[in-house]
1. Among the residues of region 148-166, which ones are away from the ligand (no atom under 12 Å from the Cβ) and closer than 15 Å to Ile194 by Cα?
2. Tell me the strands (runs of 3 or more DSSP E) entirely within region 194-245 that contain at least 1 residues that are open to solvent by less than 70 Å² (accessible area, probe 1.4 Å) and more than 9 Å from the ligand (Cβ to nearest atom).
3. If I filter region 44-57 for residues that are closer than 13 Å to Pro113 by Cβ and at pLDDT 95 or above, do I get at least one hit?
4. Of the conditions (1) closer than 21 Å to Gly100 by Cα; (2) in contact (Cβ under 8 Å) with a residue 12 or more places away in the chain, Pro53 fails just one. Which one is it?
5. What residue, of Ser110, Ser139, is at pLDDT 95 or above and more than 11 Å from the chain's Cα centre (by Cα)?
6. Check off (1) under 18 Å from Thr210 (Cα atoms); (2) loosely packed, with under 14 Cβ neighbours inside 10 Å; (3) of a type outside the set (D, E, K, R); (4) within 11 Å of the ligand (Cβ to nearest atom) for Ala177 and give me the number that stays unchecked.
7. Which ones in region 112-151 are among the aromatic types (Phe, Trp, Tyr) and closer than 16 Å to Ile226 by Cα?
Amino acid sequence: MTPGSLTVAGIGPGSDAMITPEVSAALAAATDVLGYIPYVARIAPRDGLILHPSDNREELSRARHALELAAAGRHTVIVSSGDPGVFAMASALFEALESGPPEWQALDISILPGITAMLAAAAAAGAPLGHDFCAINLSDNLKPFDLVLKRIRLAAEGDFAMAFYNPRSRARPGQFADVLATLRAACGAERLVILARAVSTPEQAVTVTTLAELAPGAVDMRTMVIVGSSRTRRVGRFAYTPRSA
Ligand code: SAH
């Protein structure tokens, strides 16, 4: 049996123009592509390629399945939106590797980076992440919500700009209001906020506003929320953070 391979590849925030050449090459050589249904839908079908779409709460079983396929000699690619190492499949793969048979660790495994939503959103708005910043996942699927609020308070104390992934879902509509209240208390109501929805797709919408004006209903799961530092300001239609603190 010829040895298989397993690649975890980032396919960027939406536009095919943001897929790196090395990810395109891995997809062209793949025999199997696994991933969350809407991400696998972005991969063109072709002879010799098997697509394995799955639901989004199935990361660990998807990772195990990909490892089994690679161990059986297949050239397997797991696709993630954005970058696979940012709140995505690369960590799930290593969790499966850690708890799986030791022989899996000898497989040909590579992680190919992609353009994460945070960076595409920041670029669309100007340069709000031009000085120190942090990225926080607002989903409480895998951590308690109290910890989310604690990290926001400490990031505000450190005067970091903050990029929020998974800001709001139908399953937890009230939590974003708590996030907003925490931010207003810690940063003041006049702090700049960028809402960047569906970046790099035809539905892209980028708004620069303030914590005072931000309505929770303006935010959904296709939105990146970037809260500026105390130095972040507007210039024309752009928002940017100067390079000096
Ligand atoms: N691995 C992905 C992030 C997965 S978490 C990455 O690196 O981008 C999913 C969250 O990413 C969404 O809830 C949203 O906050 C953000 N996101 C993904 N694609 C986006 C896009 N095109 N525009 C704005 N936000 C996006």
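The values are calculated or read from the model by the stated rules, or taken from the named source; none is laboratory data. In this text, all values refer to a predicted model and were calculated from it rather than measured experimentally. Note that we place each Cβ from the backbone using ideal geometry, even for glycine, and neighbour counts take in every protein chain shown. Each accessible area value is taken on the protein alone, full model and side chains, heavy atoms only, with ligands, DNA and RNA left out. Shrake-Rupley method; radii C 1.70, N 1.55, O 1.52, S 1.80 Å.
1. Phe160, Ala161, Met162
2. Ranges flagged: 205-210, 223-227, 238-240.
3. Within region 44-57, not a single residue is closer than 13 Å to Pro113 by Cβ and at pLDDT 95 or above.
4. Looking at each condition in turn, Pro53 falls short on (1).
5. Going through Ser110, Ser139 in turn, the sole match is Ser110.
6. Just one mismatch for Ala177, condition (4).
7. Correct list: Phe133 only.
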